[in-house]
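Student: Supplied in structure tokens, the structure appears directly below.
Please treat every number below as a calculation from the coordinates, not as lab data. Because the structure is predicted, anything quoted here is derived from the model rather than measured. Methodologically, a virtual Cβ is constructed for each residue, glycine included, from the backbone with ideal geometry; neighbour enumeration extends over all protein chains shown.
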Amino acid sequence: MSDKKKLGRATRLVHMGRNHADHPAFVNPPLERGSTVLFPTVAMRNATRERPFDQVLSYGLKGGPTHFHLEDAIAEIEGGTRCQIVSTGLAAVTTALFAYVKNGRHGLFPDTVYGPTRNFLTGMGTDCGMEFTFYPPDIDEAGLRALMRDNTTMIYCESPGSHTMEMQDVPMLSRIAKDVGVKLVMDNTWGFSLFAPFEHGVDCSIQAATKYIGGHSDVMLGAITTNSDSDYERVRTVSTSLGHFASPDDCWLALRGLRTLNVRLRAHMQAGLRVAGWLREQPEVAQVLHPGLPDTPGHEIWKRDFTGACGLFSVELTPDYSYDDMVAMIDGLQLFGIGASWGGYESLVLPVTGAITRTADQKSAERLMFRLHIGLEDTDDLIADLKNGLKLLQQHAAKR
């Protein structure tokens, strides 16, 4: 089909980033590595230097065919026009911040923002003259407008938020951003291929491709996708100026991971909702924070804006238990690895109490919580493991 946008997500994931020539070729594009690019003439080299924002071979730092295939694929699935690949998700965040919140400029950030993003702002970002304000993720339009300054250049969002899973009204944020003439930047890692950022007014979408895009917990990558030439040029200039580079080996693995993303995400979602629903019925659980559950705050926004869910959600225990009780439960789990990342095929658990920082709203900071990533194991086995973990929770609490 000539109009790729008419194709379904699953079809595009299989076929994008595979520009086959009219001669026999392998299914997957070959892995191509390199640093120095050789030119047959000076004129040809000079011609590439006149096209700094085009996908042309000029020097290894600027990317090669493997990078370009992955960038094209991610841009297509996000619904943007161009993508810049960098080495990690955090590198994607900081590249975007340097592009939009330079020295002396101000940005608005949700209080639920990814911890390393907050740490960058309060550390190096401050040293570099970036100004920022944290706002409650459920802020209304009047409240957000009141936080605008004359030097505000960006609104940042992350939906759902890290750890506590608050949903944000991205179309509302976009309306404000366009009205006052600032950029809307989104960390869309949780919603990759499930939320269309540019259809909802986002200007720049960030991905930790380490997660579901790679899918196997063995690559680290970040992606910044834009929807205009001017935004891409800003991001591309910062990325190359800072010397960001992603391994072509990791890019090749991410391309391979993309091919199965649709079926993996469907399995993660189904398993995640089943486990979340079971946990919601347990007396030890105060609430399950999964946007796909009807009784989770923000569910209506998720239902309106997203086409599905991934396998990441959080669980809050009742006040009857202590942090040490929760640790005894987590240490006793057999099928859940204790790890900070997510998006691979394996199930993970992470205590998040003590790792939640809130400055605009303190209501979430002291809750007894852990985060789960539901992998591709049999859900009956995962539920049995969690059931045994809750028994260990009770037994540890009874000893106090």
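Student: Which angle from 0 to 90°, rounded to the nearest 10, does the C-alpha axis of helix 323-332 make with the longest principal axis of the chain?
Tutor: 70
Student: Another question, then. Please report THR307, THR226 as a ranked list, fewest other C-beta atoms within 10 angstrom at the top and most at the bottom. Write out the running numbers ahead of the final one.
Tutor: Working: THR307 11, THR226 28.
Fewest-to-most Cβ neighbours within 10 Å comes out as THR307, THR226.
Student: Starting from the Cα of ARG304, step 7 Å along the direction of its Cβ; do the same at ARG149; then give the gap between the two resulting points in nm.
Tutor: 3.0
Student: Next question, about the same structure. FRET efficiency for ASP140 and VAL180, Cβ-Cβ distance as r, R0 = 22 Å, nearest 0.05? Let's see the in-between values first.
Tutor: Working: r = 16 Å, r/R0 = 0.71.
Efficiency for this residue pair is about 0.90.
Student: Based on Cβ point charges of +1 for Lys and Arg and -1 for Asp and Glu, what charge dipole magnitude is obtained for the chain about its Cα centre, in debye rounded to the nearest 20? Show your work: numbers first, answer last.
Tutor: Working: 39 positive and 47 negative charges, 177 e Å.
I would put it at about 860 debye.
Student: Can you compute 3J(HN,Hα) from phi for each residue in segment 260-277, using the Karplus curve 6.51 cos²θ - 1.76 cosθ + 1.60 with θ = phi - 60°, rounded to whole Hz and x for Gly and Pro?
Tutor: Result, rounded to whole Hz: 9, 4, 4, 6, 5, 4, 4, 5, 4, 5, 4, 5, x, 5, 5, 5, 4, x.
Student: While we're here: Restricting to the chain, compute how many DSSP beta bridges are antiparallel as a %, nearest 5. Spell out each step's value before the answer.
Tutor: On the way: 22 of 40 bridges.
Of the beta bridges lying entirely in the chain, close to 55 percent run antiparallel.
Student: When CYS157, CYS128 are ordered from fewest to most other Cβ atoms inside 10 Å of their Cβ, what list results?
Tutor: Ordered by Cβ neighbours within 10 Å, fewest first: CYS128, CYS157.
Student: Moving on to the next point. In whole Hz, what ³J(HN,Hα) sequence does segment 75-88 give by Karplus (6.51, -1.76, 1.60; θ = phi - 60°), x for Gly and Pro?
Tutor: Result, rounded to whole Hz: 4, 5, 6, 6, x, x, 10, 9, 9, 10, 8, 10, 7, 8.
Student: Looking at segment 1-104, which GluC sites (Glu not before Pro) are DSSP coil and have at most 13 other C-beta atoms within 10 Å of their C-beta? Don't jump to the answer; show the numbers that get you there.
Tutor: Working: sites: GLU32, GLU50, GLU71, GLU76, GLU78; in loops: GLU32, GLU50.
Sparse-neighbourhood loop GluC sites (Glu not before Pro): GLU50.
Student: For segment 229-334, what value does the Rg/Rh ratio take when both radii are computed over Cα atoms and Rh is the Kirkwood radius, given to two decimals? Let's see the in-between values first.
Tutor: Values: Rg = 19.8 Å, Rh = 17.6 Å.
Computed over Cα atoms, the ratio is 1.13.
Student: Give the calculated FRET efficiency between ARG18 and LYS399 to the nearest 0.05, with a Förster radius of 51 Å applied to their Cβ-Cβ distance. Present the calculation step by step, with values, prior to reporting the outcome.
Tutor: Numbers: r = 58 Å, r/R0 = 1.14.
Efficiency for this residue pair is about 0.30.
Student: Tell me the GluC sites (Glu not before Pro) within segment 224-298 that lie in a loop according to DSSP and have at most 10 other beta-carbon atoms within 10 Å.
Tutor: Of the GluC sites (Glu not before Pro), the ones in loops of segment 224-298 whose Cβ has at most 10 other Cβ atoms within 10 Å are GLU281.
Student: I've got another one for you. If you take every DSSP beta bridge fully contained in segment 261-398, what fraction is antiparallel? Give it as a percent rounded to 5.
Tutor: On the way: 13 of 15 bridges.
Roughly 85 percent of the DSSP beta bridges within segment 261-398 come out antiparallel.
Student: Further question: May I ask for the angle, rounded to the nearest 10°, between helix 379-398 and the longest principal axis of the chain, with both axes built from Cα atoms and the value confined to 0 to 90°?
Tutor: Long axis of 379-398 versus the principal axis of the chain: about 50 degrees.
Student: Sticking with this structure for a sec: Non-local amide H neighbours of ILE338 (under 5 Å, H modeled in plane, Pro and chain starts lacking H): which ones?
Tutor: Excluding prolines and chain starts, which carry no amide H, the hits are VAL349.
Student: Further question: Expressed as a fraction of 2.2 N^0.38 Å, the rule-of-thumb size for a compact globular protein of N residues, what is the C-alpha radius of gyration of segment 261-398?
Tutor: 1.02
Student: Further question on the same structure: Along the charge dipole of segment 66-173, Cβ charges K/R +1 and D/E -1, which of GLN168, PRO136, PHE109 sits furthest on the positive end?
Tutor: In segment 66-173, that residue is PHE109.
Student: Using the charge dipole of the chain (Lys, Arg: +1 at Cβ; Asp, Glu: -1 at Cβ; taken about the Cα centre), state which of ALA246, THR122, ALA397 has its Cα farthest towards the positive end.
Tutor: Farthest along the dipole direction, towards plus: ALA246.
Student: For the chain, what is the convex hull volume of the alpha-carbon atoms per residue, in Å³?
Tutor: On the way: hull volume 60.6 nm³, N = 400.
Per-residue hull volume (Cα only) is 151 Å³.
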